[in-house]
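Below is one structure, written out as C-alpha cells; comments come after it.
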Amino acid sequence: YNWTTGSKYINGRKIEYTAAFGYGGQTLYLVPELDMILVLTASLAEGNAGVHIPVLRTFEAVVKK
C-alpha cells in the first residue's frame, strides 16, 4: 500500500516514475517513458537503506546520454 511518484535526474534528463516500497529493500519501479519495470528483491538488514544504489545504477544504464 506504499505507492509514490517521483523523478530522478539521470544524465541531465528528468525521468518520472511510480514506485512501491516494501520492507527490506523490496522495490517496484514503473517507468512508462522508458517502457521499463524495475523489480528489486532484497533482504537488507536496515530496512530500505542502500536500495537507491542499484536503482540509480539501473536507471543510468538504461538512459542514454
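The values are calculated or read from the model by the stated rules, or taken from the named source; none is laboratory data. Bear in mind the structure is a predicted one, so any value in this text is a computation, not a measurement. Positions of Cβ are generated from backbone atoms using ideal geometry, with glycine treated the same way; all protein chains shown enter the neighbour counts. In case anyone asks, the SASA skips ligands and DNA or RNA and just uses the protein heavy atoms, side chains included. Shrake-Rupley method; radii C 1.70, N 1.55, O 1.52, S 1.80 Å.
Numbers at a glance
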{"item": "Label point distance in nm, ILE53-TYR23, each placed 7 Å from Cα along Cα→Cβ", "result": "2.3 nm"}
{"item": "Gained length - ASN11 relative to LEU40, 0.36 nm times residue gap less alpha-carbon distance", "result": "8.2 nm"}
{"item": "Surface accessible to a 1.4 Å probe, GLU60 within the full protein complex, Å²", "result": "70 Å²"}
{"item": "Heavy atoms of LYS8: accessible area, 1.4 Å probe, square angstrom to 10", "result": "50 Å²"}
{"item": "Residues with amide H under 5 Å from that of GLN26, placed H, sequence gap 5 or more", "result": "ALA42"}
